[in-house]
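The values are calculated or read from the model by the stated rules, or taken from the named source; none is laboratory data. Not measured: the values here are computed from a predicted model. Neighbour counts are summed over all protein chains in view; Cβ atoms, including those assigned to glycine, are modelled from backbone coordinates with ideal geometry. The accessibility values were calculated without ligands, DNA or RNA, using every heavy atom of the protein model including side chains. Shrake-Rupley method; radii C 1.70, N 1.55, O 1.52, S 1.80 Å.
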Amino acid sequence: MKSAFVLLSIAGLGLASSVSAEPRDTMSIGVSIEPPGLDPTRTPSEAVGTITYNNIYEGLTRLDRDGHVQPLLARAWTVSDDGRVYHFTLQDNVHFHDGAPLTCENVRFSLLRAGAADSTNPDRSFFTNIADIACPNASHVDVTLKKPHGSFTYELAWNDASILSPVSADKNVSHPIGTGPFRFQEWQRGDHVTLSRNPDYWGKAPILKTVTFRFMPDPLAASNALLAGELDAYPSFPAPEVLSRFVDHPGLRVVRGTFPFKAILALNNARRPFNDIRVRQAIAYAIDRKALVQAGADGDGTVLQSHMAPNDPDYAALPDRYPYDPERASVLLKQAGIRPGTQLTLSYPPITYARDTSEIVAAYLEQVGLIVTLQPLEWPTWLGRVFGQGAFDMTVIAHTEPHDIGIYDRESIYFHYRSPEFHALFERYEGTENPEERHRLSVAMQDRLAQDEPNVFLYSRPRDTVMNRHISGLWTDQQIAACPMADVSWEP
Amino acid sequence: MILRGAPKSLIAGSVLLLGCLFPATMAWIWHGGHAPFIDIPNRYAPPSLAHPLGTDPFGRDLASYVLTGAFNTTAIALLSVVLATVIGTILGLVGANGGKRGWAVMSATDLGLAFPPILIAAMLVTAQGASATGEILAIVLFGIPAQIRITKQAAQSILVLDYISAARMAGFGSVAVTIRHVLPNIAPILIVHASTSLALAILSEAGLSYLGLGAPPPQPDLGRALASYQIHIFDHPFLVAVPGVTVMVLVLGFNLLGDGLRDLLERPFARNEERLP
Amino acid sequence: MTGLAQTIFGRLAVLAIASVIVFVLLSLLPGDPATVMLGLNASPESIAAFHHQLGLDASPVARYFRWIVGLLHGNAGTSYVYDVPISGLILERFQSTLPLIMLATVLALLIGLPVGAVAATNRGKRLDLTLMALLQLLKSIPDFWLAMMMTLLFSLTLRWFPAGGFSGWNNGVFSGLRALTLPAIALAIPQAAIIARFMRSSLIDTLEQDFIRTARAQGYSRQGVLWRVAIPNAVIPVLTLIGIQLPVLVTGSIIVENVFNIPGCGKLLLEAVNQRDIPVVQNLVMLIVAGVLLLNLFLSILIRWLDPRLAGGSA
C-alpha cells in the first residue's frame, strides 16, 4: 500500500506543476451558498446575484464597485421636472445569448412582469410604482411613475431589475439567458456553475474564457481547497477565524473590504411581549454586542445602532443607546410585567454567523431570566415561515442588501414594524432628489429606528476576500451581491 | 483461546467508562444539563487551573462542555439501546416460538437491515425537523432487527432442550416457559449484546449530530461539538482532538466491556469471540 | 431451490414494504409542498395549479403507484429546489459514490482478511493479542473524525492528496482516484477492523472443524490445508458479514462524502434534507434501500452457490 501512495502522490505533483506553467484563462471562484435557481427575479437569494449580476444578466443601470449608479443597457436618461417620467436611451447592438436583439419591448416586459400582481420578484414593491411604460421606438423607453421616486435608477441597478427576453424568461431558473459578457455553460448541482465568455458581447470583451463558481459551504473544505490551489479566489470568506491560515501562504492574499452586512436580532413587533418597547429595549440591554463583534467578526466589526452599515454613504455614527446592562434589562422586564422564566423561541437559518450568534444571544437572555428555545430552521422553512409569513418570536439574520432601510416602511415586512413617524420621514426622503436633504432625512430615519428599536441591531463586519496573488480586477468591496467577472484577469 | 485476556478487557472497559462517565455526570449535574456559560472575551484560553482544557470559541470551559456533551450523547445512546433491547427481545421471543407471527417478525428484521439510522433520521428530519426524539427513534429502529435475530437464535437453542419440553408437558404455556426458563438462560447473551450495541449507538449518535440530523442545540453534544469546532483544526487542533477522543474512549469502553462480559458470562455458550452483529 | 425462491420473494416483499414506509414518511407526513415551493404570498389559484401539475390532487394510493411505476421506468420526478429531473441528479452523483464504496470495500477486504488470518494462525500469541487490541481501537474510531484527522495529516501537512474534494472524472481517471483514495481509506479502516476480527474467529472455527483434522491426518501439510481448505471456507461467513455491514458502509460513505466534500449521493442526500427537497430525499432513500437489499440478495445467492451446506437455511 505504501508504494501505491508514493506513486499516486508523485503523479499528482507532476500534474499540478504542468497546469501552472500554461497561461491561464480560467478561474474558479468559491461561494458559500448554492442558489436554488439562476433567476434573480424569483428568489431573494444573495447567491443568485453573486453568479449572475452583470455576468449573465444586465439591467438598464448598474452599480459600480463604489456603489454609484452607472449606465448599462440604458446609455443615457433624462428625468422630467416633476420627477415622474424617465426617458431612457438604450445601447445599440445588444443581443441576448440566444441571438434575439434587445429592444424597448424587452424592458417593458421585464419591468411590468416584475411589478405584476402575480410577480414572484423579491422586490416587487420597487416596480409597483410604475404607472406606464411606452415604447416610442425600439431604442427608447419612457417610464412613467405613479409618484416621484428618487431611488428609481438606483433600484433599476439591482439584480432583480435585470432585463430579460420574454422567450427565455420562464426558463431562466435552470437555463439563464441575458445580455451579459458571460454565457451560462453548465450547472452541476451541488458542485459548480460554469460560465463561458460571450463572443458576441456588445461591450468590452471579457478577459477570462471560463469562470467556475464552486459551492463550498464548509469553511474548512474551502480553506483547504484555497491552500491546495484548487480554488483561485473566495470572495466573502465566511469564517474570519480561519484567515490566519492564509497569512503566511506565498500564493494567496487576503483583502479586507466592506459590505452592507447588518446582523440583527429581528423581533416580531406584532406579538407579545415584543409589542412592548420596554421588552425590546430590555433585550437590547441584555446582550453584550461588543462580545458579539468579537465572536462574529473576530473583533474587527462594528456594533450597529440602526439598520445601516458603515460602508453606506448615509451611515450615521449614532451614540450607543443600549450598552450592555443586564440589571437595567431586568428592571425594564419587571416594569413590562415579564416574569422570570418566560419562554421565547429564537429561530435561525442554517448559516454559521446565525447559529453562533443565536447561541450567544440565548445565553445572554437566560442571564436576565428569559428561557430561550433555539430553533434551527432550514432555508426554505426560514424563508417561508419567518420571512414569508412573519410567524416567529425572534430570529437572527443578516441583511446584506445595500441601503435597504426602506424595508421598515413595507407593509408586508416580516418583523411587523409600524411607525407613522418613520413612514412620514420615508415619504419625504423618496419625494426629493436633493442629495443633502436626502442625507439629512436618512440620518433621521436611522435615529428613529434606534429609538424605537424594532429589532436589536447587532453588528456589521468586514468582508474578506481570499485570492491568488496574481488575480486582478476582483471586487473586494461589495455594494450589492455581485461578483462581476468581465474585468477580472490573471496578472503575471 | 485468550481467556487470560478476558478479565483484562472487562477491567479496561470499566475503567475507561467510569473515568469518562463519572466526571461527565458530575459536569452535567453541575451545569444543570446546559452548556457552560459563554465568556467571549476569554475565548481560546489555554489550559489553566480554572479551565483544565482551556476554553472554546465561545469562551466556554472546554472540559465541562465536552463532558456535558459526553453525558448527553451517552444518555441518548443508552435510552435508544434500552428501547431497542426491550422491543427486540420481545419480538425475538415471539419469533422463536414460530408460527405465522414468527414469520412476520422475521420479515420485519430483514426490513430493518435496509434502513441504517442515517436514512431514518434523514427522512424524519425532512418530514418533521431535527429533534432528539427523531434521533432516538432512528437508532432504536436500526437496533431492533439485530436484537431480534440474536434473541431468536439464543432462544431457539434453549427451546429445543429436554427440560423445556418437560415443562411444556407439565402444562406451562409458551409465555410462562419463555419467562421462567428461556429469558434467564439467554440473559447473558442479551447483556453482552447490549454493551456492544451501546458502542454502536454512540457512534451513530455522534455521526448523526455531526451531520445535523441529531438533537438540536443548545444541549451540548459530542458530534455537534466536532462539527462546530472542526474549522479550528489548524489553529486550535485541541478543540477537535478532545471531543473526538472522548467519543473514541466511550466506544472503546463499551466494546471492551462487551468483550469482557462475553468471556465472563457466555463461556458455556460460545467458544469464540466474534459473532455477526 | 425453494429456499432460494423464498429468499428472493422475501427480499422483494421487504422492498415493497420499505417503499410504502418511505412514501408515507415523505409524501404524506410533511404536509403541503406548495407552501415551500411557492412560498411567500402564493394565491389559492397558483397553489391549485401547482397541485395539479405535480399530481398532488390524486388520492394517496394513486400517487403511490404513480411514483413506483415512474421509478420502474427510471423517472423519479422533479427536484423542488433545482427544478430538474431527479434521475439525472442521482446518476451524476453515483459517479463518485459508487467508486468510493467499491474502493473502500476492496481496501477493507485487502486489509481485513490478511490481518484476521495472521491473527488466527498466531492465536494466543503476542502478535495476535497486539493485533486484537489494535483492531478494537480502530473499530472504535468515529469515521468522520478519522477523516478529519487524515485530511490534517495527509492532505494539509504532508500534501500527498488533494484537500479540496473530488471534482469528477473530467481531469482523468488517475486524478479522480487520487482524490478518492483518502476518503476510501477513512471509510475502509473501521470496516477492515470489523472484518479482521470476524475473519479471525471464522478461521479459528474452521480450523477446529472435523474435515480439517481429517485432512491433516491424511498427511496434507499445515500450510496446504490452511490455504486450500481453511481460508476459503473461512471467507464465506465473511461475505455474510459484508452483507450485514452494507448499511453501515452506506452510512459511512454519506458521512465521509460530507467531510471530504465529495459531490456524491451522500452529499446530495444531506443537501436535499437541508433544503427540504422532499422528492429528492424520497427517491434517494428508496434507491439506497433498494441497492442495499438487492446487494444483500446477491450476496446470499453467492454464498449459497459457494457453500452448498447452507442451501437449507436462510443467510
Which condition breaks for C:I262 when tested against (1) within 7 Å of another protein chain (Cβ to nearest Cβ); (2) open to solvent by less than 20 Å² (accessible area, probe 1.4 Å); (3) not in a helix (DSSP H, G or I)? (1)
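So which residues in region A:25-46 are closer than 16 Å to A:C483 by Cα and open to solvent by 10 Å² or more (accessible area, probe 1.4 Å), if there are any at all? Quick ask: steps written out before the conclusion?
Residues of region A:25-46 that are closer than 16 Å to A:C483 by Cα, as a first pass: A:26-35, A:38-40, A:45-46.
A:T26, A:S28, A:V31, A:S32, A:I33, A:E34, A:S45, A:E46 - these are the residues of region A:25-46 that are closer than 16 Å to A:C483 by Cα and open to solvent by 10 Å² or more (accessible area, probe 1.4 Å).
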Take region A:179-213 and flag every residue that is of a type outside the set (G, A, S), within 14 Å of chain C (Cβ to nearest Cβ) and farther than 19 Å from A:S165 by Cβ. A:E186, A:W187, A:Q188, A:R189, A:D191, A:H192, A:V193, A:T194, A:T210, A:T212, A:F213
Of the residues that sit in region C:34-85 and are modelled with pLDDT under 85 and of a type in the set (F, W, Y), which one is farthest from C:V273 (Cα to Cα)? C:F50
So how many residues does region B:197-231 have that are in a helix (DSSP H, G or I) and within 22 Å of B:G134 (Cα to Cα)? 21
State whether the residues of region A:399-421 include one that is within 14 Å of chain C (Cβ to nearest Cβ), modelled with pLDDT under 90, in a helix (DSSP H, G or I) and touching a Ser or Thr at 6+ places or on another chain (Cβ under 7 Å). no
Determine, yes or no, whether B:L119 is more than 17 Å from the chain's Cα centre (by Cα), surrounded by 23 or more Cβ atoms within 10 Å (Cβ to Cβ) and not charged (D, E, K, R). yes
Note: among C:I86, C:I101, just one is of a type in the set (V, I, T) and out of contact with any Gly (no Cβ under 8 Å at 6 or more places or on another chain), namely C:I101
Which one of the conditions (1) open to solvent by 40 Å² or more (accessible area, probe 1.4 Å); (2) away from chain B (no Cβ under 11 Å); (3) modelled with pLDDT of 90 or more does A:K290 fail to meet, given that it meets all the rest? (2)
For region B:84-104, state whether one or more residues are out of contact with any Ser or Thr (no Cβ under 7 Å at 6 or more places or on another chain), open to solvent by 10 Å² or more (accessible area, probe 1.4 Å) and within 26 Å of A:L377 (Cα to Cα). no
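Out of the strands (runs of 3 or more DSSP E) lying entirely within region A:143-256, which hold 1 or more residues that are touching a Gly at 6+ places or on another chain (Cβ under 6 Å), touching a residue at least 12 places away in the same chain (Cβ under 8 Å) and open to solvent by 20 Å² or more (accessible area, probe 1.4 Å)?
A:210-215
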If I filter region B:60-71 for residues that are surrounded by fewer than 22 Cβ atoms within 10 Å (Cβ to Cβ), modelled with pLDDT of 85 or more and away from every other protein chain (no Cβ under 14 Å), do I get at least one hit? yes
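Going by what's in this entry, would C:P190 be described as open to solvent by 10 Å² or more (accessible area, probe 1.4 Å), touching an Asp or Glu at 6+ places or on another chain (Cβ under 8 Å) and touching a residue at least 24 places away in the same chain (Cβ under 8 Å)?
Numbers: open to solvent by 10 Å² or more (accessible area, probe 1.4 Å): yes; touching an Asp or Glu at 6+ places or on another chain (Cβ under 8 Å): yes; touching a residue at least 24 places away in the same chain (Cβ under 8 Å): yes.
Considered against the rule, which asks whether it is open to solvent by 10 Å² or more (accessible area, probe 1.4 Å), touching an Asp or Glu at 6+ places or on another chain (Cβ under 8 Å) and touching a residue at least 24 places away in the same chain (Cβ under 8 Å), C:P190 comes out as yes.
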Hey, could you check region C:76-91 for residues that are in a helix (DSSP H, G or I) and free of Cβ contacts under 8 Å to residues at least 12 places away in the same chain and say which is farthest from the other protein chains (Cβ to nearest Cβ)? C:L91
The one condition C:H73 fails out of (1) open to solvent by 50 Å² or more (accessible area, probe 1.4 Å); (2) of a type outside the set (A, V, I, L, M, F, W, C); (3) within 14 Å of chain B (Cβ to nearest Cβ) is (3)
Can you tell which of A:R339, A:R355 is in a helix (DSSP H, G or I) and of a type in the set (K, R)? A:R355
For B:V125, which of the numbered conditions (1) over 30 Å from C:V292 (Cβ atoms); (2) within 14 Å of chain A (Cβ to nearest Cβ); (3) buried (at least 24 other Cβ atoms within 10 Å of the Cβ) fails to hold? (1)
Determine whether A:I283 is surrounded by 24 or more Cβ atoms within 10 Å (Cβ to Cβ), within 13 Å of another protein chain (Cβ to nearest Cβ) and farther than 25 Å from A:Q479 by Cβ. no
Selected residue [on the phi < 0 side of the Ramachandran plot, at pLDDT below 85 and within 11 Å of chain B (Cβ to nearest Cβ)] from C:P279, C:P237: C:P237
Name the residue, out of C:Q218, C:Q209, that is at pLDDT below 85, over 24 Å from C:L138 (Cα atoms) and either open to solvent by less than 60 Å² (accessible area, probe 1.4 Å) or within 14 Å of chain B (Cβ to nearest Cβ) (or both). C:Q209
Exactly one of these conditions fails for B:A114: (1) within 14 Å of another protein chain (Cβ to nearest Cβ); (2) touching a residue at least 12 places away in the same chain (Cβ under 8 Å). Give me its number. (2)
Being more than 30 Å from A:P349 (Cα to Cα) and open to solvent by less than 10 Å² (accessible area, probe 1.4 Å) is the requirement here; does B:I148 meet it? yes
Condition first: open to solvent by less than 10 Å² (accessible area, probe 1.4 Å), on the phi < 0 side of the Ramachandran plot and not aromatic (F, W, Y). Now tell me which residues in region A:448-462 satisfy that. A:L449, A:A450, A:P454, A:N455, A:V456, A:L458, A:S460
Residues to consider are A:S119, A:S139; find the one that is in contact with a Lys or Arg (Cβ under 8 Å, 6 or more places away or on another chain) and of a type outside the set (A, V, I, L, M). A:S119
Matching entry among A:P376, A:P380 (being over 28 Å from A:N129 (Cα atoms), within 14 Å of chain C (Cβ to nearest Cβ) and buried (at least 21 other Cβ atoms within 10 Å of the Cβ)): A:P380
Scan region C:256-276 for residues that are among the acidic types (D, E) and without any contact (Cβ under 8 Å) to a residue 24 or more places away in the chain and jot them down. C:E271
Out of region B:23-54, which residues are out of contact with any Leu (no Cβ under 6 Å at 6 or more places or on another chain) and either of a type in the set (S, T, N, Q) or away from chain A (no Cβ under 14 Å) (or both)? B:T25, B:M26, B:W28, B:I29, B:W30, B:N42, B:P46, B:S48, B:L49, B:A50, B:H51, B:P52
